[in-house]
1. Which one of A:Leu557, A:Leu524, A:Leu586, A:Leu608 is more than 9 Å from chain B (Cβ to nearest Cβ), within 30 Å of B:Asn311 (Cβ to Cβ) and either in contact with a helix residue (DSSP H, G or I) (Cβ under 7 Å, 6 or more places away or on another chain) or in contact (Cβ under 8 Å) with a residue 40 or more places away in the chain (or both)?
2. Assess whether A:Arg455 counts as being part of a strand (DSSP E or B), modelled with pLDDT of 95 or more and farther than 26 Å from A:Gly590 by Cα.
3. What do you reckon, is A:Leu372 on the phi < 0 side of the Ramachandran plot, in a loop (DSSP other than H, G, I, E, B) and in contact (Cβ under 8 Å) with a residue 24 or more places away in the chain?
4. Please determine whether any residue of the stretch B:80-96 is open to solvent by less than 60 Å² (accessible area, probe 1.4 Å), at pLDDT below 95 and among the small types (Gly, Ala, Ser).
5. Mind checking which residues of the stretch B:400-439 are aliphatic (A, V, I, L, M), in a loop (DSSP other than H, G, I, E, B) and within 19 Å of the chain's Cα centre (by Cα)?
6. So which of B:Met303, B:Met278 is more than 14 Å from chain A (Cβ to nearest Cβ) and either open to solvent by less than 20 Å² (accessible area, probe 1.4 Å) or touching a Cys at 6+ places or on another chain (Cβ under 6 Å) (or both)?
7. Mind checking whether some residue in the stretch A:475-498 is free of Cβ contacts under 8 Å to residues at least 24 places away in the same chain, part of a strand (DSSP E or B) and either over 30 Å from B:Arg610 (Cα atoms) or open to solvent by less than 80 Å² (accessible area, probe 1.4 Å) (or both)?
8. Can you say whether B:Glu506 is out of contact with any Gly (no Cβ under 6 Å at 6 or more places or on another chain), modelled with pLDDT under 95, more than 14 Å from chain A (Cβ to nearest Cβ) and surrounded by fewer than 17 Cβ atoms within 10 Å (Cβ to Cβ), as far as the supplied structure shows?
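The values are calculated or read from the model by the stated rules, or taken from the named source; none is laboratory data. Only a predicted model underlies this, so the values are computations on that prediction, with no experimental measurement involved. Cβ atoms come from the backbone with ideal geometry, glycine included; neighbour counts cover every protein chain shown. Ligands, DNA and RNA are excluded from the accessible area calculation, which covers all protein heavy atoms including side chains. Shrake-Rupley method; radii C 1.70, N 1.55, O 1.52, S 1.80 Å.
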Protein chains: 2
Amino acid sequence: MDAIPQARPEESGGRSLPVVFTSVEFRDRFWRPRQESVRARTVPILLERSESAGMIEALDVDTPPPPLRIPIGRWGGTTQMFWDSDLGKWIEAASYTLAVKRDPALEARIDDIAERYRKAQRPDGYMNAYFIRRAPEKRWTNLRDWHELYCAGHLIEGAVAYFQATGKRVLLDALIRYVDHIAATFGTGPGQKRGYCGHEEIELALVKLYRVTGERKHLELARYFIDERGRQPHYFDFEARARGDDPANFAFRTYEYNQSYKPVREQDRVVGHAVRAMYLLSGMADIAGAYGDEGLRLACERMWNDLTGKNLYLTGGLGPSKANEGFTFDYDLPNDTAYAETCASVGLIFWAHRMLHIDCDGRYADVMERALYNGAASGLSLAGDRFFYENPLESHGDHHRWEWHVCPCCPPNIARLVASLGRYLCSSSDTEAAIHLYASSVTRLALGGRKVTLRQETEYPWEGTVAVHVEADAPGRFVLKLRVPGWCRAWSATVNGAALDRPTVERGYLRIEREWKSGDVVRLQLAMPVERVYANPRVAEDAGRVALMRGPIVYCLEAADNSVPLHRIALPRTAKLEARYDAGLLGGVGTVVGEAMAASEEGWDASLYRTDRPPPVPVRVAAVPYCVWDNRTPGAMAVWLREA
Amino acid sequence: MDAIPQARPEESGGRSLPVVFTSVEFRDRFWRPRQESVRARTVPILLERSESAGMIEALDVDTPPPPLRIPIGRWGGTTQMFWDSDLGKWIEAASYTLAVKRDPALEARIDDIAERYRKAQRPDGYMNAYFIRRAPEKRWTNLRDWHELYCAGHLIEGAVAYFQATGKRVLLDALIRYVDHIAATFGTGPGQKRGYCGHEEIELALVKLYRVTGERKHLELARYFIDERGRQPHYFDFEARARGDDPANFAFRTYEYNQSYKPVREQDRVVGHAVRAMYLLSGMADIAGAYGDEGLRLACERMWNDLTGKNLYLTGGLGPSKANEGFTFDYDLPNDTAYAETCASVGLIFWAHRMLHIDCDGRYADVMERALYNGAASGLSLAGDRFFYENPLESHGDHHRWEWHVCPCCPPNIARLVASLGRYLCSSSDTEAAIHLYASSVTRLALGGRKVTLRQETEYPWEGTVAVHVEADAPGRFVLKLRVPGWCRAWSATVNGAALDRPTVERGYLRIEREWKSGDVVRLQLAMPVERVYANPRVAEDAGRVALMRGPIVYCLEAADNSVPLHRIALPRTAKLEARYDAGLLGGVGTVVGEAMAASEEGWDASLYRTDRPPPVPVRVAAVPYCVWDNRTPGAMAVWLREA
């Protein structure tokens, strides 16, 4: 499986590339149980729910097309028009588990789905199941709203992953034919439609396809979709009029919603639907890297700064508003009404990972890690069977993970991320290896001609000590880069017990260049105190509030651990806070305990208002990682606490 | 006009009764300008907008019935089914201005409307314009949702007020015929419907009708509607089934919405739609008083305690939720999303006023005053031409008064309250006079056989000194009761310059019994410092916050007066706060100024989160009365401030 390409050799230009995820074995207590529950629980459950919703049956061209909303089954009621994307994402997640461990029964189910798609595919290559079955005359008539290319993108990602895991080509070949049809339909040539999708996704999918086919045309098509986006005259205007519709009737009113309000190279703010924005930016980073396109990279950079400097929750959640599932105005980061879709945080991780491989700068890894351990990990229950769509930072007790959702996009999204997480751990080139994330694990690398294994021993994210054991088939000189996280304010490192001579940190990475041999050990000590975090005063909802972090983990108070209603608790500036690992809690988590103050109810009797300040009384508080909240008795939760 | 009865002589049983509002002349700087702008601006504007919405034209039976939603005019789009109530309430408000100052042109408009109603009235007495014109076969088929009796109630109130102001009987006589029809249709007798209205109002209107007709049957009908409410088998169930509808299809799901979930005597919480609840409770208090019905009074008392102890905003606003325009759960008092309909605060004043006249206890007057000066007064712009429907206690700058509303119930409601405000100032019986509210004014009373004038000289609500000058046609012994407001923690009083000998305060009223003669002066000194007010710790949204009051006035910060965004401001516990009267501001208002702290933006640069607490810097803040906010440049507003 080492042959799974993360990038074509011609793309690398000597840069580090992510390691293949199958080369990484997690041995830790955070990710390994999550990967196992994705394999054993989430993937089978998603298949069952998709089947019960009628998604697979609906592909069978020998049966009548399904009704628009399927009432059957426990999991009915999802949006049929997007089912290809749900299946594609599920196939992708399942394939990542197959890449690690083959499973004939699971493969038989995917083979059946692949065969149904092959049979459904039109002679010209067109292969959107919804339009084939229900509205063939409407294909390619509403790219703005109907997600045909988005669906194609997810099927491509699924087919690529399944091919990489099993070598089976039925679905991949069907998709390649479909992409040929798409490439013939869209473009700047005579008779072609100058369209692109209202929901980005196919751009990054085509780059993945290129990496298995090596066909430059696949990369070119991705670049076309990115370059065409937002040009005038506007395709969505043209297309609406062609349908006899007034473009002004667009439900979301502004093309900021789908990031097509102007050409992407001219954009400098994250706008509109957050998941779409993250998928677009991932595709832009792919193309910027593959073509060495500096204008595109700078556009990504501007939007990175806009997102991370003004529009990102502490948890790595993004897109505060339910109305557009996306961005509103700078510093608008409400806690209890935060939309912060799981898919958006997953998409941010995709984008950050790509930025990191254009330019190995710790600030990308910092954000990637923040989203991963907090706003993305929260999307999945510890048992792997329930899913957050929205990830608010405060709840009054009425927000819980779903078994399924009317838009079931998030469950397979977090599943595919977790199942392929090894990809995010390290990168390597001929001359260097870089460790971005810490977790007990074994990573096998090809470093130039050498085979090198990096074995991490650590209790990260619960402790800041990391030992990296190097094993190499032969001694040799290379650079080992170890990320010094942005949250870390004091660190030290030794090689084989000896302190480093003038250690250098280059943009967030400790760089150690030496002759490495088997048995070498680097020990990194990252000071990991409980930190009190404040938001920029422009963030209205966090004014006068403080959040607790330790290492990359954002903590929250849950009603289950605290004896007084959370709104009454205020944390004194001088409160002593202690970190404790609790092996028996929530699968084993770090906790933060300490003494806070809470307004007393004493003396209020029946009165609602009075002129005497309610006297605060001391109260013991305990915080748990945000990512594991709502895995016990349902109750209130809060990340940002009042500071007394 | 002194003959306008506030209650029938047989009802009084020696208790104090409210004075007739035409006996009160305001000479103050708060209410007098508001009364003048209601007369000169609001009443003509409401007529123009009602006419422009098609309400008056729609009454003309010689023209085709209007379309369901009238697109014509600037003020179209209101709910036609409720137009009778809009016109009834406007006629009532207009009549109160006519009672003070006749106006032939205005009367001609009302006479025309009265004549249209008379012509539209069916031979059997039925007189709902909507059902006569548009759906005659549906009359009395959906009392739960269609407001026929509610509309009748507002027309009764309008007709009674117009008769009292002018002696003209056309509309009153039509309503008396309509009430005869209603009394024949509804009741417990054979062949009668055991119905009552989903939107209470007719109950209190029938009591008003009884007070001008003296016909016991009008009072009896009001009592029937109150007694029947919420009995099983449930009328709304029966009625829904009779329409072929499933009672479970009720849009609001629970009969708590219209206070019919159980018989009213068994209720002990304020529930459902807040305006309906207040109108019901006003009617209940009327009937409890008129019949000396102790069970009904106790039910009122329980709901009073529930409202004022757990469910009332500091401003006297009530009903936090938009979803049901009403109550949710105890202590649920969100600030920025507060619904707190103007009509609900007006309705609370109606109810409190009635409770006060069953039992002269200052706690009723305290709440009445709180709602009057804050959550009700806020409904009307200073110019008298714009109206709040919702009255939130915090705004991010996007909440403003309407010129008109899809449900234009609030404008005439606040107008009729302000126009008849004299009614709320004092009460008298044969042996005593009680002053509930302070304002520079002249009140003429009949006290037993004597004519007594009470002339208040005061800058209230801006200053706490009140001089009450007594003038009597002959000296005589009676009791003068002066309310000592619940907000007041220190007071003193003199009569003709001499301190009182062992002054007694009985349930909120200073009681002075003596021989009074012309020239006597009582001077009351109410200490009126700026007060910091705290909410019960069970109120989540006010945790860690403080509000400012001075006297009965709730203050707020408005962006217009403050140099930093309001969310950044925190008020230190030790902040020195100073009250200042500003004659040039907002028609002349008290303000509160002082020094607070605000988080500084310094050193944040592009970062969104950091571990250093943003240093607070001193900032000058100025607060204005809540009731006058949004009369200047649109901007943010906050009542509850963070306390540092």
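1. Step by step, each of A:Leu557, A:Leu524, A:Leu586, A:Leu608 is checked, and only A:Leu557 is more than 9 Å from chain B (Cβ to nearest Cβ), within 30 Å of B:Asn311 (Cβ to Cβ) and either in contact with a helix residue (DSSP H, G or I) (Cβ under 7 Å, 6 or more places away or on another chain) or in contact (Cβ under 8 Å) with a residue 40 or more places away in the chain (or both).
2. Considered against the rule, which asks whether it is part of a strand (DSSP E or B), modelled with pLDDT of 95 or more and farther than 26 Å from A:Gly590 by Cα, A:Arg455 comes out as no.
3. no
4. For the stretch B:80-96, residues open to solvent by less than 60 Å² (accessible area, probe 1.4 Å), at pLDDT below 95 and among the small types (Gly, Ala, Ser): absent.
5. Residues satisfying the conditions are B:Leu425, B:Leu437, B:Ala439.
6. Residue meeting the stated conditions: B:Met278.
7. yes
8. Here the answer is yes, as B:Glu506 does meet what is asked.
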